[in-house]
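Q: The structure's right below; bear with me while I get my questions together.
Nothing in this text is a laboratory measurement; each read-out follows from the coordinates by a stated rule. Everything numeric in this text was worked out from a predicted model, so none of it was measured. Cβ: placed from backbone, ideal geometry, glycine included. Neighbour counts: every protein chain shown.
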Amino acid sequence: MPDLTGGYREKTMTAYFLSRHRQYRWNRILAAALLIPLVSLLATPLWGARIKDIAHLQGTRSEQLIGYGLVVGLDGTGDGRTIFTNRSTASLLNKFGVEIQGNEINAANVAAVMVTTELNSFVKPGSRIDVTVSSIGEAESLQGGTLLRTQLFGYDGRTLYAVCQGPISIGGFVVGVGGAGAGAQIQRNHTVVGRIPGGAQVLQPIESEFIENWKLMLTLDKSDFTSVNKLDEAIDNRFGADIGVPIDGLSVIVNIPEEYRDPGKIVQFISTLENLEIIPEVAARVVINERTGTIAIGENVTVLPVQVAHGGLTISVGTGAAVSQPTSPLAGGGTILSPTAEASAVEEVRKFLEMGGTAGDLVTALNSLQITPRDIIAIFQAIKEAGALAAELVIM
């Protein structure tokens, strides 16, 4: 019989190498597919800020609105004996033909409130905005209450921008047992402040003029000359012309190019402008909150060469007992226990630690000391007094 083993083995080896070759090709393709996004990620800036997040258009603003109103429908948790609430309720009833005096009312189901909100630019009449309702009397809770129609005025107290009305959402509750002041009470969240989502209807918009002679002004939220220069360079590089003019450490005037001066293209130009990215300059600052032990260190913080030694003194005071035995069992008397005071003091010995470098080096050095945040606060203050902290130290 013919020997078929060799032919079979040859075909098997051929199939094996073909399979390994295909797998190798697929691995190369997969590696290339994964490498391309990685290279793209490394080629782009890892972080940056859009202009719209760090600056705003000069001429656009917001108006803080305020109004006085009444909340009704409370379950005995209203103002009750508050004079101005009762007078306001009487005045409201008089408008509906109910003649009554303020001293004749004890409206425990009514609460006087202040209504506040903020109206931004470009909000049109008919739009709805959220409002916050806050009690100004002795109300225990606004739960289940409904705000009656309230007028909201601007800064001058005369311009009417919106009216609001609706049920209040407080996201909490108050449960009492045994009456007011007598028994247990359970409260969740703050029940005398609530919100009405979409509760106010805008009557008139805020006047906004942000373009003058085909120029607009971008203003940074925080003043910094380096950031303004970066902002100007980003604008000029994007539009290929010297259209930005820095005027101080806060603002840049932008001349709108000719091709964007059509009414339909102004929005396109501003949108492109807002989405430009720059890396804003960050001030070298260390912020300390002594009440909570919180420390925030900016990236640009540097420490000049300095040597720091930090140690603590621990004092322990306790009580003990001294035992007094009689000299002879036959002499009479008994065992006497006398309380004593015990005190000890231990001073931790710390070697001088040499510091210096960037914020990362400083954090590494401080972590090696194995100390608490409050100790770190004291070290920062000492380094600042020694003149070795090249940053602003802010204590909240």
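Q: Give me, ordered by chain and number, the residues 5 or more places off Gly154 or on other chains with an amide H under 5 Å from its own placed amide H.
A: Thr159, Tyr161
Q: Whole-Hz ³J(HN,Hα) for each residue in segment 221-226, computed from phi via Karplus 6.51 cos²θ - 1.76 cosθ + 1.60 with θ = phi - 60°, x for glycine and proline: what do you get?
A: 6, 10, 6, 6, 5, 5
Q: Sort Arg87, Arg261 so the one with the fewest other Cβ atoms within 10 Å of its own Cβ comes first.
A: Arg261, Arg87
Q: How high is the relative contact order of segment 215-278, in percent, counting Cα pairs under 8 Å that sit 6 or more residues apart? Working shown, then result.
A: Values: 75 pairs, mean separation 23.4, N = 64.
RCO, segment 215-278: 37 percent.
Q: I'd like the FRET efficiency for Thr302 and Ser169, computed as 1/(1 + (r/R0)^6) with the beta carbon distance as r and R0 of 45 Å, rounded to 0.05.
A: 0.35
Q: Give, in nm to one decimal, the length gained when the segment between Glu277 and Thr226 is fully stretched (0.36 nm per residue of separation minus the Cα-Cα distance).
A: Values: separation 51, 0.36 × 51 = 18.36 nm, distance 1.47 nm.
That pair, Glu277 and Thr226, stretches by 16.9 nm at full extension.
Q: Averaged across orientations, what area in nm² does the convex hull of the alpha carbons in segment 215-278 project?
A: 4.0
Q: Could you pull out every residue, at least 5 positions away or on a different chain, whose amide H is within less than 5 Å of the one on Thr302? Hs are placed 1.01 Å off N in the peptide plane, and Pro or chain starts have none.
A: HN-HN under 5 Å from Thr302: Ala390.
Q: So for segment 63-202, averaging the separation of alpha carbon pairs under 8 Å that are six or more residues apart and normalising by length, what relative contact order in percent results? Show your work: numbers first, answer last.
A: Details: 355 pairs, mean separation 39.8, N = 140.
Rounded, it is 28 percent for segment 63-202.
Q: Here is a further query. Could you please rank Phe122, Phe269, placing first whichever residue has the fewest other Cβ atoms within 10 Å of its Cβ?
A: Ranked by crowding around the Cβ, least crowded first: Phe122, Phe269.
Q: So what's the net charge close to Ala283: Lys and Arg +1, Asp and Glu -1, counting the other residues with Cβ under 14 Å from its Cβ?
A: Value of the local net charge: -3.
Q: List the residues, sorted by chain then number, that are 5 or more residues from Glu281 or on another chain and whose placed amide H is less than 5 Å from its amide H.
A: Result for Glu281 returns Ser227.
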